[in-house]
Amino acid sequence: MTPLIQEIRHNPLLWLLAFVPAKFAAPLAHTLLFALSIVAIVPLAALLSRATESVATKTGDAIGGLLNATLGNLTELIIALAALRAGQYALVKASIAGVIVCNALFMLGASLLLGGLKHHVQDYNRGNARLQAGMLFLATVAILIPSVLAEGDAPASAATMQTLSVGLSVLLIVTYGLGLLFSLKTHREFFGGADHGEHGEAEWPMGLALGTLAGVTVMVALVSEVFVESVQQAATTLGLSPAFVGFVIVALVGGAAEMVSAFSAARKNRLDLSVAIALGSAVQIALFVCPVLVLLSFVLGPTPMSLQFWPGAVAMMIIATMTASLVTNTGRSAWFVGALIVNVYLIFCITLYVLPPAVR
Amino acid sequence: MTPLIQEIRHNPLLWLLAFVPAKFAAPLAHTLLFALSIVAIVPLAALLSRATESVATKTGDAIGGLLNATLGNLTELIIALAALRAGQYALVKASIAGVIVCNALFMLGASLLLGGLKHHVQDYNRGNARLQAGMLFLATVAILIPSVLAEGDAPASAATMQTLSVGLSVLLIVTYGLGLLFSLKTHREFFGGADHGEHGEAEWPMGLALGTLAGVTVMVALVSEVFVESVQQAATTLGLSPAFVGFVIVALVGGAAEMVSAFSAARKNRLDLSVAIALGSAVQIALFVCPVLVLLSFVLGPTPMSLQFWPGAVAMMIIATMTASLVTNTGRSAWFVGALIVNVYLIFCITLYVLPPAVR
Amino acid sequence: MTPLIQEIRHNPLLWLLAFVPAKFAAPLAHTLLFALSIVAIVPLAALLSRATESVATKTGDAIGGLLNATLGNLTELIIALAALRAGQYALVKASIAGVIVCNALFMLGASLLLGGLKHHVQDYNRGNARLQAGMLFLATVAILIPSVLAEGDAPASAATMQTLSVGLSVLLIVTYGLGLLFSLKTHREFFGGADHGEHGEAEWPMGLALGTLAGVTVMVALVSEVFVESVQQAATTLGLSPAFVGFVIVALVGGAAEMVSAFSAARKNRLDLSVAIALGSAVQIALFVCPVLVLLSFVLGPTPMSLQFWPGAVAMMIIATMTASLVTNTGRSAWFVGALIVNVYLIFCITLYVLPPAVR
């Protein structure tokens, strides 16, 4: 247990763990519950990320990278599942779109910015970035096309839209599987893993890492349940629109752990890892988590959930995809590139804050 | 006549020729006529492609390539002319948009996929691909902008839209001509032709090739006439929407010959030829066939046909153009790139099948 | 004074200066006033450009380039300020969008075309082109997103849209400042200035240059005032729509001086300078002039002006940005690339001429 305690002692982010028990204490007001659940999720996510990295060192880069992305997205998946069971589809979709945009813009942009402030020019493997951007593009098309083709005619019946959503979801999941096959197996020499030798941090023993993973996952599930319950009332109290909460707050909270990893890698001039975390995570949400939620809604939700998003979310996803495509074209970065991408994200945040749209 | 018979003996696709006479035999139901005309067009298109290639070997790459693209698109042109004369403008436009999207996505994607399954990594001349993608982009803008600028105001009068369509059509045809001048004359050293030495197939004598060209073109015209007549009723019988038929079936049938050539070239690691056929054909439809049809509609059609397409078709053309631009940026391909592009096309097909839009 | 007179003698464009006094002469009809103010602005703009270049030689490339862009855009700024004070916001916005599109498409395209007709292939620094295209992309997003998110709901209140416009305007101005910091200070070695040694023209003494600058700026202000007053009535008389005048005529007149510089640089195979002028000027309008006008409208205008544009203008700006991004990706050009870009611009002009939209 010593490495876990040492880790907690040295990582100020983990001191927030103290807030975790507090949230089960008393009949608190929704706003306080909301604030506490945010504060509690962050250190849990950081622990999750740290434990995953330790496992990854043992299993090798290929499987480790996948594990890292998957467990990093676990918070989002659990939050989404809780909202799915509650039938809060608007929150689920705002959160999915928000995470995709947040990862592809803010996490990528802030990594390039923070890395660029320390290193004059940084190079990275553009092959991987292009692969991720291409898959993100496919997901955006799958989400965009049904809306465009349905528009202008008599609105498509809910049943038709369900059939379509199932078909496209299966296509996205298959493509995600093919993408893993491509990058982990048939052409893995083009997606060279980052050199873990530079890490220099003491690795945890396998047993501790796996135990931490299991324990933290359960705690994240509990905290997330409270988060979803309290978030809507808290938003009303704080004067925040549900769109802003779902799109910005949930995305930033859910992605906290990955951001810590991505930013820290960028500062260590390991931009390949930052790009892989930021875009890889966005791709996993778009091509795996989102379609899986659509399919699961038939079993878990009160009614089936479609793959249709509100036009504003689609527009932001298209812009995020275009930005990621244009930026990662060169495989070379400096601080201003990061600042530009972060500013695109800020435009979204400012607009959602000032002009709250009625998310459908 | 021997090489022609030999070709038919060795090419199983051409055995379908047996179906050609069958379709003139008896008062068949529309669905059967529809099926037979599809079955009959495929081997005719293959013969056309083969004869063209023989001529191309004699005339050299530059003029031969143009001839290849032009005659490959002959089927589409004849089908479109038959529909134009019948005033079926919705079918004409769905077919034009369908061919552009099918060539730029399915033909290109399947070539990269089939080539990539045989060869680990394939390189091609990205200069040519970029030229074609740029011209496709121009055509998309010409089709998009009138709709966007007209939208929201009082709808533009039909007469105004006609004047505009004529102006833009002339602009597109001029650009296509300039593109030929650029790639065949002033800068042809950048568009190096494929090496025909690898072919190894016996070339036909010039007389046989030209005779076959003439004869097959007449037969294609006859079969196409029946195809257009039967396609709408057949669609109703089979439960297919007119949009699906016009956009998917007609495009796949009309492009059969070029696909055979493009796929075979990709398997022989001649990706330059595949890309030139797929994108070159899409460009010729967009910048030459389509505007020529608009101009001809003044003479042949019951009323003038405009350059306006339904928004869904425009959206699919934009996505196809973007995909082609992003993909051909590197000049390097592996199987997953092809799979991604084919999947974009599949998204269109699934959506059109499940959610039939009312094509206007 | 001799160099100024010599310049006027050798530059036929400057002979138009004779028209400047004519326009204050008599109570002319609006159409004549309009024509004369156009004719008068052109040589003033050319003088302004020439004087600026002389100053630039003294101050060095970095500050000189900025000065060149800024003073080149002075005409547009003064025209826009006059229209702003008159509350003609539709004209202001049409002119801003028109200048951005005109510079990013026509000025860039015609430079590549004219340069390409003289030189077989031309190379340029794509780093700078990509930076400018990226900043243009950010501005387009800032203008697009409020419309997209507001659309479909109850229209946002004017007050909300004002708050949003101010926020986004500040963001754009800050980004523009960061862009200058990046290209002029922290990473200036990547944006190597053009070699002025090739110029070969006699430089003006500093005093003459600064005096000309001051004098011409005052004259431009006077002529512009008349231009804006007469342009609307003249348009009605000539049968031109206000959209065509604002978008095409004003943009071409206002950018005349920069075009002269950009085209001449392209002919001298200094494509870096052409690209910097064309895209740099578009970026300055989008990220500096436009947001400053929004902020100034609180002080100068009858009511605050928002950052919202009519959808057609937004569409044209997006296409212009995409075109600039795609084209400048390679850093290599030939005449056909220029022809393609100019044709995209021609599509806009033809459509605006034939199908005049009601600019809001």
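The values are calculated or read from the model by the stated rules, or taken from the named source; none is laboratory data. Since we're looking at a predicted model, the values are computed, not measured. Cβ: placed from backbone, ideal geometry, glycine included. Neighbour counts: every protein chain shown.
Considering the conditions (1) of a type in the set (Gly, Ala, Ser); (2) crowded, with 17+ Cβ neighbours inside 10 Å; (3) touching a Pro at 6+ places or on another chain (Cβ under 8 Å); (4) at pLDDT below 80, residue B:202 is excluded by exactly one of them, (2).
Given the condition within 30 Å of residue A:186 (Cβ to Cβ) and either touching a residue at least 40 places away in the same chain (Cβ under 8 Å) or away from chain C (no Cβ under 14 Å) (or both), answer yes or no: does some residue in segment B:79-102 qualify? Spell out the reasoning first.
Filtering segment B:79-102 for residues within 30 Å of residue A:186 (Cβ to Cβ) gives B:101-102.
Retained after the next criterion (residues that are either touching a residue at least 40 places away in the same chain (Cβ under 8 Å) or away from chain C (no Cβ under 14 Å) (or both)): B:101-102.
Among the residues of segment B:79-102, at least one is within 30 Å of residue A:186 (Cβ to Cβ) and either touching a residue at least 40 places away in the same chain (Cβ under 8 Å) or away from chain C (no Cβ under 14 Å) (or both), which makes the answer yes.
Restricting attention to segment B:251-272, the residues that are at pLDDT 80 or above and in a helix (DSSP H, G or I) add up to 11.
Which of the following residues is within 11 Å of chain B (Cβ to nearest Cβ), within 30 Å of residue A:87 (Cβ to Cβ), part of a helix (DSSP H, G or I) and at pLDDT below 85: A:220, A:148, A:228? Show your work before the answer.
Values: A:220 fails: within 11 Å of chain B (Cβ to nearest Cβ); A:228 fails: within 11 Å of chain B (Cβ to nearest Cβ).
A:148 is the lone residue from the list that is within 11 Å of chain B (Cβ to nearest Cβ), within 30 Å of residue A:87 (Cβ to Cβ), part of a helix (DSSP H, G or I) and at pLDDT below 85.
Can you tell which of A:260, A:283, A:248 is surrounded by fewer than 23 Cβ atoms within 10 Å (Cβ to Cβ), out of contact with any Asp or Glu (no Cβ under 9 Å at 6 or more places or on another chain) and closer than 29 Å to residue A:168 by Cα? It would help to see each step written out before you state the result.
On the way: A:260 fails: closer than 29 Å to residue A:168 by Cα; A:283 fails: surrounded by fewer than 23 Cβ atoms within 10 Å (Cβ to Cβ).
Criteria check complete, one pass: A:248.
If we scan segment C:183-193, do we find a residue that is in contact with a Ser or Thr (Cβ under 7 Å, 6 or more places away or on another chain), farther than 30 Å from residue C:219 by Cα and assigned to a helix (DSSP H, G or I)? No - not one qualifying residue is present in segment C:183-193.
Could you please find all residues in segment A:297-311 being more than 22 Å from residue A:135 (Cα to Cα) and either polar (S, T, N, Q) or surrounded by fewer than 16 Cβ atoms within 10 Å (Cβ to Cβ) (or both)? It would help to see each step written out before you state the result.
As a first pass, look at segment A:297-311 and keep what is more than 22 Å from residue A:135 (Cα to Cα): A:297-305.
Selection gives A:297, A:298, A:299, A:300, A:302, A:303.
Screening the candidates A:283, A:292 for the property of being over 28 Å from residue C:133 (Cβ atoms) and modelled with pLDDT of 85 or more yields one hit, A:292. Taken over segment A:234-250, the criterion of being of a type outside the set (A, V, I, L, M) and either modelled with pLDDT of 75 or more or not in a helix (DSSP H, G or I) (or both) is satisfied by A:237, A:239, A:241, A:244, A:246, A:247.
Only one of B:354, B:289 is of a type in the set (A, V, I, L, M), more than 30 Å from residue A:169 (Cα to Cα) and out of contact with any strand residue (DSSP E or B) (no Cβ under 9 Å at 6 or more places or on another chain). Can you tell me which? Spell out the reasoning first.
Working: B:354 fails: more than 30 Å from residue A:169 (Cα to Cα).
From the options B:354, B:289, the qualifying one is B:289.
Considering A:171, A:131, A:113, the condition of being more than 9 Å from chain B (Cβ to nearest Cβ), part of a helix (DSSP H, G or I) and modelled with pLDDT of 85 or more is satisfied by A:113 alone.
Which one of B:56, B:86, B:35, B:29 is surrounded by fewer than 18 Cβ atoms within 10 Å (Cβ to Cβ), at pLDDT below 70 and of a type in the set (Gly, Ala, Ser)? Spell out how you get there, then give the answer.
On the way: B:56 fails: surrounded by fewer than 18 Cβ atoms within 10 Å (Cβ to Cβ); B:86 fails: at pLDDT below 70; B:35 fails: at pLDDT below 70.
Being surrounded by fewer than 18 Cβ atoms within 10 Å (Cβ to Cβ), at pLDDT below 70 and of a type in the set (Gly, Ala, Ser) holds for just one of B:56, B:86, B:35, B:29, which is B:29.
It is to be established whether one or more residues within segment C:153-165 are polar (S, T, N, Q) and crowded, with 20+ Cβ neighbours inside 10 Å.
Taking segment C:153-165 as the starting set, the residues that turn out to be polar (S, T, N, Q) are C:157, C:160, C:162-163, C:165.
Now narrow it down to the ones that are crowded, with 20+ Cβ neighbours inside 10 Å: C:162, C:165.
Yes, that holds for at least one residue.
Does residue A:111 qualify as being hydroxyl-bearing (Ser, Thr, Tyr) and closer than 30 Å to residue C:182 by Cα? Considered against the rule, which asks whether it is hydroxyl-bearing (Ser, Thr, Tyr) and closer than 30 Å to residue C:182 by Cα, residue A:111 comes out as yes.
Is it the case that some residue within segment B:100-119 is in contact with a strand residue (DSSP E or B) (Cβ under 7 Å, 6 or more places away or on another chain), surrounded by fewer than 24 Cβ atoms within 10 Å (Cβ to Cβ) and under 28 Å from residue B:350 (Cβ atoms)? Yes: one or more hits.
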